[in-house]
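Visitor: Take this structure first; my questions come after.
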Amino acid sequence: MPPIRIDVQSAQHAYPVFVGAGLLASASEHLRDAGLTGDRVVVSVPPVWRHHASRVADLAGAAGPVLMADGERAKTLKTVARLYDDFSARHVTRSTAIVALGGGVAGDTAGFAAATYLRGLSLVHLPTTLLAQVDSAIGGKVGVNLPAGKNLAGAFHAPALVLIDPEVLATLPRREFRAGLYEVVKYAVIASPALFDRLAARPGLSARRPDALAEVIAECCRIKAAVVEQDERESGPRRTLNFGHTIGHALEAVTNFRRFRHGEAVACGMLAAARLSTARGVMPVEDEARLKDLIQRMGALPDVADLRAVDVLEAIGHDKKTVGGRLHFVLCAGIGRTDIVTDIAPAELSAAIASIGVRV
Ligand SMILES: NC(=O)c1ccc[n+]([C@@H]2O[C@H](COP(=O)([O-])OP(=O)(O)OC[C@H]3O[C@@H](n4cnc5c(N)ncnc54)[C@H](O)[C@@H]3O)[C@@H](O)[C@H]2O)c1
Ligand SMILES: [Zn+2]
């Protein structure tokens with residue numbers, strides 16, 4: 001099957017996203033077709049390189065990849081400074097492309113280094129987690145965490161090219177895969193009843209069949225691209241992508257980012273947001289039931305019974321999306337549709353949070 005192509009318009013430039021099983025084998029040709037004919041530096045993390053080096057050996061060339069430390073804790077300015085050192089040791093010039101091979105951590109960190117070294121180098125994303133394939137590789141946001149909070153140092157740096165190969169997901173730990181699936185559910189809930197039906201029919205996409213995955217991933221990329229094109233800097237429509245994220249981020253924060261994979265927290269956040277939406281009469285109760293059923297069938301979520309609703313509420317108050325005193329909350333107006341409101345009362349939030357099992 002030929003790869004699926006999605007063209008993304010950004011304020012900086014348009015770029016193609018290709019999705020296809022086995023695509024990484026022809027990565028070099030795709031770079032050339034995208035006009036990236038200069039040198040390149042592949043940046044990856046050890047677990048990904050261990051599994052998938054052979055797929056991109058020609059891209060990395062004799063010099064091999066630059067390997068950065070793995071995990072969210074490595075998404076720092078210190079890692080970026082190390083990458084700058086590696087770039088300079090490899091005589092990177094303005095015509096060198098940085099190729100990020102890995103999950104969202106590698107993409108965001110290498111992407112930030114690419115956005116800032118020599119005032120900006122061409123960036124290619126080769127995302128290897130489901131989350132990175134449906135979310136972080138599209139939209140041009142790059143950045144790292146600061147001690148004061150997540151993603152506080154960053155830039156908008158649109159990639160020149162994104163190549164998504166679902167075959168690499170075969171080696172992804174089960175929990176990481178499922179965490180990515182919850183983001184796929186989010187896209188279905190905010191924009192695509194057809195995608196929702198497809199997931200409901202096969203909630204695990206369990207065999208991880210690359211061809212089936214390619215279609216699902218491409219649909220998510222189309223949705224994200226359409227939203228981001230309308231609103232690159234998140235003043236309006238891009239907020240719909242935050243469905244489930246207000247409460248999800250707060251759950252991550254009150255557990256010190258240790259208990260949940262991000263997607264799992266989003267799944268809990270979507271359940272709470274759906275409850276709030278039905279309580280307001282905005283979402284049909286049958287749709288809330290369908291969402292709950294789908295998420296439950298995907299597997300168990302981390303326990304929340306020991307958490308307190310007041311702490312979660314306080315964390316929501318600290319969320320950067322409330323800056324200016326206004327919480328923009330994304331409601332579901334039925335599978336495939338959203339409604340953003342700014343008049344959510346703490347009592348409503350509290351009831352919604354309690355509905356997923358958090359102590360009142
Ligand atoms: N830029 C954006 O728009 C955006 C959007 C969403 C999330 N993010 C960021 O993405 C990050 C999370 O990304 P993530 O969930 O991909 O985590 P991650 O990059 O930490 O990857 C998770 C783990 O899986 C391993 N891994 C990756 N691919 C693998 C594969 N194919 N086989 C085996 N192991 C593999 C990684 O080495 C890592 O240990 C967060 O820092 C978040 O802030 C950014
Ligand atoms: Zn998310």
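Where a number appears in this text, it was derived from the coordinates with a stated rule and is not lab data. A quick note: this is a predicted structure, and the numbers were derived from the prediction, not measured. Cβ placement follows ideal geometry from the backbone for every residue including glycine, while neighbour counts extend to all protein chains displayed.
Visitor: Report for the chain the percent antiparallel among DSSP-assigned beta bridges with both residues inside it, nearest 5.
Guide: On the way: 14 of 33 bridges.
Percent antiparallel among DSSP bridges in the chain is about 40.
Visitor: Would you kindly state how much longer the chain becomes between S355 and N151 on full extension, computed as 0.36 nm times their sequence separation minus their alpha carbon distance, in nm to one decimal?
Guide: Separation in residues times 0.36 nm, less the Cα-Cα distance, equals 70.5 nm.
Visitor: OK, next. For the range 45-165, count all C-alpha to C-alpha pairs, find those more than 19 Å apart, and express that count as a whole percent of the total.
Guide: Above the 19 Å cut-off, the range 45-165 has 41 percent of its Cα pairs.
Visitor: Taking 0.36 nm per residue of separation and subtracting the Cα-Cα distance, what length does fully extending K292 through H318 add?
Guide: Answer, rounded to one decimal: 6.6 nm.
Visitor: Which whole-percent values make up P(r) of the range 171-231 when all C-alpha to C-alpha distances are grouped in 5 Å steps starting at zero?
Guide: Reading the bins upward from 0: 4, 17, 30, 26, 14, 6, 2, 0.
Visitor: Still on this structure, I have one more. At 222 nm, what helix-only mean residue ellipticity would the chain give, in deg cm²/dmol to the nearest 500, using -39500 (n - 2.57) for each DSSP H run of four or more?
Guide: Calculated mean residue ellipticity at 222 nm is -13000 deg cm²/dmol.
Visitor: Would you be so kind as to identify all helices of the chain, as entire DSSP H runs, whose Cα atoms reach 27 Å or more along the helix's own axis and whose mean Kyte-Doolittle hydropathy is at least -0.5?
Guide: Those that pass (Cα extent of 27 Å or more, hydropathy at least -0.5) are 210-230.
Visitor: On the first, second and third principal axes, largest extent first, how far apart are the outermost C-alpha atoms of the range 44-108 in Å?
Guide: 29, 27, 15
Visitor: Next up: Taking neighbour counts of Cβ atoms within 10 Å as a proxy for exposure, in what order, fewest first, do S355, S88 appear?
Guide: Going from sparsest to densest Cβ surroundings: S88, S355.
Visitor: Starting from the Cα of R175, step 7 Å along the direction of its Cβ; do the same at A226; then give the gap between the two resulting points in nm.
Guide: 3.5
Visitor: May I ask you to derive the FRET efficiency for R32 and A212 from their Cβ-Cβ distance with R0 = 22 Å, giving the value to the nearest 0.05?
Guide: Efficiency, rounded to the nearest 0.05: 0.15.
Visitor: Could I ask something else about it? For the range 223-350, state the semi-axes of the equivalent ellipsoid (square roots of 5 times the eigenvalues of the alpha-carbon gyration tensor), sorted largest first and rounded to whole angstrom.
Guide: 21, 19, 15
Visitor: If you scale each eigenvalue of the Cα gyration tensor by 5 and take the root, what three semi-axes come out for the range 105-196, rounded to whole angstrom and sorted largest first? Write down the numbers at each step before the final one.
Guide: Values: eigenvalues 123, 45, 38 Å².
The equivalent ellipsoid of the range 105-196 has semi-axes of 25, 15, 14 Å.
Visitor: Just need the relative contact order of the range 109-205 here, percent rounded to a whole number, with Cα pairs under 8 Å and 6+ apart.
Guide: Dividing the mean separation by the residue count of the range 109-205 yields 28 percent.
Visitor: Hey, for a label at A62 modelled as a point 7 Å past Cα toward Cβ, could you say which residues of the range 13-46 have their backbone N under 19 Å away?
Guide: Answer for the range 13-46: 38-42.
Visitor: I'd like the distance separating the alpha-carbon centroids of the range 249-316 and the range 15-66, in whole Å.
Guide: 37
Visitor: Among the lysines in the chain, how many pairs, 8 or more places apart or on different chains, have alpha carbons under 18 Å apart?
Guide: 11
Visitor: Please give, to one decimal in nm, the separation of the simple spin-label points placed at H51 and K78, each 7 Å out from Cα toward the Cβ.
Guide: 2.7
Visitor: With the cut-off at 37 Å, report for the chain the share of all Cα pairs above it, as a whole percent.
Guide: Pairs farther apart than 37 Å: 17 percent.
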